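What follows is a single structure, written as structure tokens, with notes after it.
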Amino acid sequence: MSEVATAKFKPRVFSGIQPSGGLTLGNYLGAIKKFVAMQEQGIETVYCIVDMHAITVWQDPAALQRQTRELAAGYLAAGLDPAKSILFNQSQVSAHVELGWVFNCVARMGWMNRMTQWKDKTSGKDAEKASLGLFAYPSLMAADILLYHATHVPVGEDQKQHVELTRDIAAKFNHDYGVEFFPITEPVIEGAATRVMSLRDGTRKMSKSDPSDASRINLTDDADTIAQKIRKAKTDAEPLPETAEGLDARPEAKNLVNIYAALADTSVAAVLGDFAGQGFGAFKPKLADLAVASLSPISTEMSRLMQEPAEIDRILGLGADRADAIARPVMDRTYEIVGMVRSRR
Ligand code: AQP
């Protein structure tokens, strides 16, 4: 079923990032760097700033506006070309929430209850106080993807379960209505940095909403801050091993080696080939140099773009028009399939 359903759809990539804070190295290596690489492969690419997802947790309105433009600037500074990729913010294409509602009626409560991100974000707190939107988040994410009949979604490891749920929603919709309308989308989770971990705790994901700024590298951090955060990153006293297996019980060491490999576009084995037997006193300065060399041009370009908010808004508006041209017919056909009367106005 999955192969049949996907085979008849032309390849199209969709992915999104929430403007719920500043961009981190995790977002860059797990998502944006791959987005740019896919744009260059000649596949149609649609990239979204998912602002409707961001408000599942309360956002200060002025901060949300700034973060949305900053995220757009981050995409552009990292090499996203609005002439090649569609770049827009979700709230400007209303079909996302329309399809999200239809999928709320397809998805099951039990499916949502099993989402580990939901459990993580509400663990230790009263889940009853979480917003209904946060619970339904994966259903809106399925709508984001399937509205474009996307065949591939590049994401970090943390989003794999949500893409699997997207496949379940597409299959159930197709089955319930006797159609093969939505593709069974494939997640694309590749490379050494599919899960960049906190610099303070190698068992926790690097996250833009982590209260500790020292836990992450922000794309807006200056060179000194990046170098200082890497110097202070938690590690152990052992030298680096010769093989990747030697990192298995050393989460912090593994994280820094993975980051190095991803930034240098090389493999973990190649990094260990260069650094095996050396301690972190030698490795960290090299990693800091690499991180600064990779991220500084992006951060400089982001600052420049942030001086031109009207230009960012113009790019997002044009992207929204292009996105809407794909999404609206899919939404209209969805309404027909589920049996809504559509009066022409
Ligand atoms: N640490 C990470 N390692 C690899 N990939 C990551 N991504 C996020 N963090 C890492 C990938 O970035 C894309 C956008 O994620 P998002 O911002 O929409 O949501 P998120 O995964 O919940 O990211 P954060 O930083 O943890 O945000 P908050 O703190 O607001 O929840 C996705 O492809 C994700 O896999």
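Structure summary
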quantity: Antiparallel DSSP beta bridges within the chain, percent to nearest 5; calculated: 10
quantity: Isotropically averaged projected area of segment 109-178, using the convex hull of Cα atoms (one quarter of hull area), nm²; calculated: 5.3
quantity: Spatial extent of segment 193-322: Rg and Dmax, with the Cα atoms as the point set, Å; calculated: 17.0, 55
quantity: Over segment 106-255, relative contact order from alpha-carbon pairs under 8 Å, at least 6 apart, %; calculated: 17
quantity: Qualifying chymotrypsin sites (Phe, Trp or Tyr not before Pro) for segment 164-218 [loop in DSSP, other Cβ within 10 Å: at most 10]; calculated: none
quantity: Which of L25, I298, A142, positive extreme of dipole for the chain (C-beta unit charges); calculated: A142
quantity: Length added when fully stretched, S91-D332, from 0.36 nm per residue minus Cα-Cα; calculated: 85.0 nm
quantity: Shape metrics for the chain, restricted to C-alpha atoms - Rg then Dmax, Å; calculated: 20.8, 72
quantity: Along each principal axis, Cα extent of segment 264-343, largest first, Å; calculated: 71, 35, 15
quantity: Carbon/sulfur fraction of accessible area - segment 23-110, other protein chains in place, 1.4 Å, %; calculated: 58
quantity: Where D224, D60 fall by accessible area, highest first, once all protein chains stay in place (1.4 Å); calculated: D224, D60
quantity: For the chain, built as a Gaussian network whose Cα springs stay under 10 Å, the top-fluctuating residue of A253, A127, A193; calculated: A127
quantity: Mean separation of Cα contacts under 8 Å, 6 or more apart, over the residue count of segment 233-333: relative contact order %; calculated: 25
quantity: Flagged links, alpha-carbon separation over 28 Å, of K10/K160; K119/K232; K34/K205; K8/K172; calculated: K119/K232
quantity: 1.4 Å probe accessible area per residue over the chain, in Å²; calculated: 46
quantity: Accessible surface ranking that places the most exposed of E238, E70 first, with a 1.4 angstrom probe; calculated: E238, E70
quantity: Rough spin-label spacing in nm, given labels placed 7 Å along Cα→Cβ, for Q228 and A310; calculated: 3.7
quantity: Centroid-to-centroid separation of segment 296-322 and segment 174-196 [C-alpha atoms, Å]; calculated: 29
quantity: Candidate residues S94, S20: accessible-area rank, largest first, probe 1.4 Å; calculated: S94, S20
quantity: Positive dipole terminus of segment 1-118, leading residue within A77, V102, T56 (C-beta point charges); calculated: V102
quantity: Against the rule of thumb 2.2 N^0.38 Å, how large the Cα Rg of segment 42-162 comes out; calculated: 1.12
quantity: Over 21 Å [Cα-Cα, segment 206-276], rounded percent; calculated: 30
quantity: Only Lys, Arg (+1) and Asp, Glu (-1) charged, at Cβ; the chain dipole about Cα centre in debye; calculated: 600
quantity: Computed over the chain: relative contact order in percent, which uses C-alpha pairs under 8 Å that are six or more apart; calculated: 23
quantity: Computed Rg/Rh of segment 126-237, alpha carbon atoms with Kirkwood Rh; calculated: 1.11
quantity: Nearby aspartates and glutamates by direct alpha-carbon distance to K254 (threshold 17 angstrom, same-chain neighbours under 8 apart not counted); calculated: E157, E190, D201, D236, E238, E242, E245, D265, D274
quantity: Segment 85-119: trypsin sites (Lys or Arg not before Pro) in DSSP loop, at most 16 other beta carbons within 10 Å; calculated: R108, R114
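The values are calculated or read from the model by the stated rules, or taken from the named source; none is laboratory data. Predicted model only: the values in this text are computed from it and were never measured. Positions of Cβ are backbone-derived with ideal geometry, glycine not excepted, and every protein chain shown enters the neighbour counts. To get the accessible areas, we keep the full protein, side chains included, count just its heavy atoms, and leave off ligands, DNA and RNA. Shrake-Rupley method; radii C 1.70, N 1.55, O 1.52, S 1.80 Å.
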